[in-house]
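Structure first, commentary second.
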Amino acid sequence: MKIRHSLTGNEAMAEAMRQINPDVVAAYPITPQTEIVQLFSNSVADGKVNTEFVTVESEHSAMSATIGASAAGARAMTATSANGLAYMWEVVYIAASMRLPIVMPVVNRALSGPINIHCDHSDTMGARDSGWIQIYSENSQEAYDNLIQAIRIAEHKDIQLPVMVCMDGFIISHGMEIIEAEDDETVRKFIGVRKPQYSLLNKDEPVTMGPLDLQDFYFEHKKQQAEAMKNSAQVILDVAKEWKEMTGRSYDMLDEYCMEDAEIAIVAIGSAAGTAKVAVDALRAKGVKAGLVKVRVFRPFPKEEIAKALAKTKAVAIMDRAESFADFGGPLFRDIRASLYEYDLRPKTVSYVYGLGGRDVTLDTINQVYADLERLVKGEQIPMLNHLGVRE
Amino acid sequence: MTTKKIIAPDAKWQEIPMAGIIPTAGTAKEFKTGDWRTRKPIHSEEKCINCLRCWVYCPDSSILVKDGKVTGIDYDHCKGCGICAKVCPDKVKAITMINQSEE
Ligand code: SF4
Ligand code: SF4
């Protein structure tokens, strides 16, 4: 049975968590994520979930408690944003290297400083090499759907990696939308019960987790991690297929919008993709062959899918809501350019760092990018590296 | 109980438990760490009064005891820290430390 709700992104995540009913949730507040754990704590207080709710004194402790619970065999979750993610940095890597299937909503927010509480992707983009699977959501519906699917992906026996489910701070986390949710029983049947391969609480089969691992074996364990990340792409697709059969809502590694015959295209992550779709519709009405690729899964990186989607275009603008201070665009820009290197026929690529610290991305902003691409296709020179919408 | 399986030093990444997990208990026994030692305790059965202070204090459980009597030292695991010699009562001094190289 489907239930239609009007929910903010945070409410959608909290509702998904209530339905997931994790064994353990460790919680520490940080804007704009706070509402997720706060709303979830209502479910705990009202007896709607069986979760052991652990209030901790920092994000480092939140992730540490989640790791402990997950190692004990529990289905464990926490949620964070920006500086909270930065503060749990050390243990974020440990969760991945211990192969603990933790699922964590991250509400994207600019990293300090100067201090700012609004949306950009500098927090999770910084964690892109931490060994976590990263799934980004364009809106509340996707946040809800992604969070539930993430449980199955993380806990798959061949994967056993943690997953960050990301959503744009305020723009989505505090914006109300109509979403279609599934009923509790459907969700619980879909996610099933976690069956850990090893558990610290299993006294009949005692194990040691996280021991010292030196020159002779550390590298082999990293190879295992890399291999699990590689294999996760197929699992992400399989889980999405099952989710579609149940709900009718389909998901892929990336989302192609009007790309069949597109000559110019934008690649973006998160809520800006929604705005770009409106711009594409208007351009198409004028006869401009514009398209959009929205990246849903950033880790593992869908290198072949991206290259395939862009192969027939002439010029592509790659939008990063994160500056990585490399003087070479953002992380998405560089990963896409690297993916295209394999192909002889490849479009021109331009980098746009945009929306830092929550700077609004309007239709005009997006139209400006498509206009740049049209000029580039006509043979005009445009800079390769751009900061979109900055006053100059 | 799972049976203890020693992982060969040249095991491939596909052959070892994930994440460095040690899937059985008590494996430290198989890990011979005595070669770290630079000094070596020598126990004298004649002098020993079997008070078992050394057994209590040894941080590596390397004092071997049978039926309440010290029977020797487990050199596969003893690190040569000298604690046993230090705690052995002054009037007894049944353990003396020698340099490993003097052996
Ligand atoms: S030297 Fe140290 S490790 Fe060796 S037996 Fe004595 S107390 Fe134990
Ligand atoms: S402390 Fe000395 S006397 Fe006591 S048991 Fe050990 S070796 Fe013997």
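Only one of B:Cys84, B:Cys78, B:Cys51 is near ligand 2 (Cβ under 9 Å from one of its atoms), in contact (Cβ under 8 Å) with a residue 12 or more places away in the chain, open to solvent by less than 60 Å² (accessible area, probe 1.4 Å) and away from chain A (no Cβ under 14 Å); which? It would help to see each step written out before you state the result.
Values: B:Cys78 fails: near ligand 2 (Cβ under 9 Å from one of its atoms); B:Cys51 fails: open to solvent by less than 60 Å² (accessible area, probe 1.4 Å).
One residue alone meets the criteria, B:Cys84.
Being within 14 Å of ligand 2 (Cβ to nearest atom) and hydrophobic (A, V, I, L, M, F, W, C) is the filter; apply it to region B:20-48 and report the residue that is farthest from the other protein chains (Cβ to nearest Cβ). I'd like the intermediate steps shown before the answer.
Let us first name the residues in region B:20-48 that are within 14 Å of ligand 2 (Cβ to nearest atom), namely B:41-48.
Those still in the list that are hydrophobic (A, V, I, L, M, F, W, C) too: B:42, B:48.
Working: B:Ile42: 31, B:Cys48: 35 Å.
The residue in question is B:Cys48.
Do we find a residue being more than 9 Å from ligand 1 (Cβ to nearest atom), assigned to a helix (DSSP H, G or I) and under 13 Å from the mean Cα position of the chain (by Cα) anywhere in region B:36-53? Steps first, answer last, please.
Initial filter on region B:36-53 (more than 9 Å from ligand 1 (Cβ to nearest atom)): B:36, B:38, B:42, B:44-53.
Now drop any that are not assigned to a helix (DSSP H, G or I), which leaves B:36, B:53.
Cutting the leftovers down to under 13 Å from the mean Cα position of the chain (by Cα) gives us B:36.
Scanning region B:36-53, I find at least one residue that is more than 9 Å from ligand 1 (Cβ to nearest atom), assigned to a helix (DSSP H, G or I) and under 13 Å from the mean Cα position of the chain (by Cα), so the answer is yes.
A:Phe333 versus (1) in contact (Cβ under 8 Å) with a residue 24 or more places away in the chain; (2) open to solvent by less than 70 Å² (accessible area, probe 1.4 Å); (3) under 19 Å from the mean Cα position of the chain (by Cα): which is the lone unmet condition?
Unmet for A:Phe333, out of (1) in contact (Cβ under 8 Å) with a residue 24 or more places away in the chain; (2) open to solvent by less than 70 Å² (accessible area, probe 1.4 Å); (3) under 19 Å from the mean Cα position of the chain (by Cα): (1).
Could you list, in sequence order, the residues of region A:180-198 that are closer than 19 Å to A:Ala96 by Cα, surrounded by fewer than 18 Cβ atoms within 10 Å (Cβ to Cβ) and more than 24 Å from the chain's Cα centre (by Cα)?
First, pick out the residues of region A:180-198 that are closer than 19 Å to A:Ala96 by Cα: A:194-198.
Next, only the ones that are surrounded by fewer than 18 Cβ atoms within 10 Å (Cβ to Cβ) stay: A:194-195, A:197.
A:Lys195, A:Gln197 - these are the residues of region A:180-198 that are closer than 19 Å to A:Ala96 by Cα, surrounded by fewer than 18 Cβ atoms within 10 Å (Cβ to Cβ) and more than 24 Å from the chain's Cα centre (by Cα).
Which one is farthest from the other protein chains (Cβ to nearest Cβ) among residues in region A:213-239 that are surrounded by fewer than 18 Cβ atoms within 10 Å (Cβ to Cβ) and aliphatic (A, V, I, L, M)?
A:Leu237
What do you reckon, is A:Phe325 free of Cβ contacts under 8 Å to residues at least 24 places away in the same chain, of a type in the set (Phe, Trp, Tyr) and surrounded by 24 or more Cβ atoms within 10 Å (Cβ to Cβ)?
Working: free of Cβ contacts under 8 Å to residues at least 24 places away in the same chain: yes; of a type in the set (Phe, Trp, Tyr): yes; surrounded by 24 or more Cβ atoms within 10 Å (Cβ to Cβ): no.
In short, no.
Name the single residue, out of those in region B:54-70 being more than 7 Å from ligand 1 (Cβ to nearest atom) and surrounded by 12 or more Cβ atoms within 10 Å (Cβ to Cβ), that is nearest to the other protein chains (Cβ to nearest Cβ).
Step one: filter region B:54-70 for residues more than 7 Å from ligand 1 (Cβ to nearest atom), giving B:55-56, B:61, B:64-70.
Remaining after also requiring surrounded by 12 or more Cβ atoms within 10 Å (Cβ to Cβ): B:55, B:61, B:64-65, B:70.
Values: B:Trp55: 25, B:Ser61: 17, B:Leu64: 25, B:Val65: 25, B:Val70: 30 Å.
By that ranking, first place goes to B:Ser61.
Among the numbered criteria (1) modelled with pLDDT of 95 or more; (2) among the charged types (D, E, K, R); (3) under 11 Å from B:Arg37 (Cβ atoms), which single criterion is violated by B:Glu103?
So the condition that B:Glu103 fails would be (1).
List the helices (runs of 4 or more DSSP H) that sit entirely inside region A:139-256 and contain at least 3 residues that are assigned by TED's automatic domain parsing to the domain that holds A:Ile20 and in contact with a Ser or Thr (Cβ under 9 Å, 6 or more places away or on another chain).
A:140-155, A:218-247
Inspect all residues belonging to region A:240-263 and state whether any of them is under 30 Å from B:Ile22 (Cβ atoms), out of contact with any strand residue (DSSP E or B) (no Cβ under 9 Å at 6 or more places or on another chain) and surrounded by 16 or more Cβ atoms within 10 Å (Cβ to Cβ). Before the answer, list the steps.
Just the residues of region A:240-263 that are under 30 Å from B:Ile22 (Cβ atoms), to begin with: none.
No; the residues of region A:240-263 include none that is under 30 Å from B:Ile22 (Cβ atoms), out of contact with any strand residue (DSSP E or B) (no Cβ under 9 Å at 6 or more places or on another chain) and surrounded by 16 or more Cβ atoms within 10 Å (Cβ to Cβ).
Name the residues in region B:54-73 that are among the charged types (D, E, K, R) and more than 14 Å from ligand 2 (Cβ to nearest atom), would you? Talk me through it step by step, then tell me what you get.
Residues of region B:54-73 among the charged types (D, E, K, R): B:60, B:66-67, B:69.
B:Asp60 - this is the single residue of region B:54-73 that is among the charged types (D, E, K, R) and more than 14 Å from ligand 2 (Cβ to nearest atom).
Identify all residues within region B:87-96 that are more than 7 Å from ligand 2 (Cβ to nearest atom) and in contact (Cβ under 8 Å) with a residue 24 or more places away in the chain; write none if there are none.
B:Lys93, B:Thr96
Which one is nearest to A:Ile133 (Cα to Cα) among residues in region A:281-322 that are among the hydrophobic types (A, V, I, L, M, F, W, C) and surrounded by fewer than 19 Cβ atoms within 10 Å (Cβ to Cβ)?
Taking region A:281-322 as the starting set, the residues that turn out to be among the hydrophobic types (A, V, I, L, M, F, W, C) are A:282-283, A:285, A:288, A:290, A:292-293, A:295, A:297-298, A:301, A:306-307, A:309-311, A:315-319, A:322.
Those left that are additionally surrounded by fewer than 19 Cβ atoms within 10 Å (Cβ to Cβ): A:282, A:285, A:288, A:307, A:311.
Values: A:Ala282: 34, A:Ala285: 37, A:Val288: 36, A:Ala307: 20, A:Ala311: 26 Å.
It comes out as A:Ala307.
Of the residues A:Glu323, A:Glu380, which is among the acidic types (Asp, Glu), touching a helix residue (DSSP H, G or I) at 6+ places or on another chain (Cβ under 7 Å) and not in a helix (DSSP H, G or I)?
Values: A:Glu380 fails: touching a helix residue (DSSP H, G or I) at 6+ places or on another chain (Cβ under 7 Å).
Sole residue among the options that is among the acidic types (Asp, Glu), touching a helix residue (DSSP H, G or I) at 6+ places or on another chain (Cβ under 7 Å) and not in a helix (DSSP H, G or I): A:Glu323.
The values are calculated or read from the model by the stated rules, or taken from the named source; none is laboratory data. Everything quoted here is computed from the prediction, not taken from an experiment. Reconstructed Cβ throughout: ideal geometry from the backbone, glycine too, with neighbour counts over all protein chains shown. Each accessible area value is taken on the protein alone, full model and side chains, heavy atoms only, with ligands, DNA and RNA left out. Shrake-Rupley method; radii C 1.70, N 1.55, O 1.52, S 1.80 Å.
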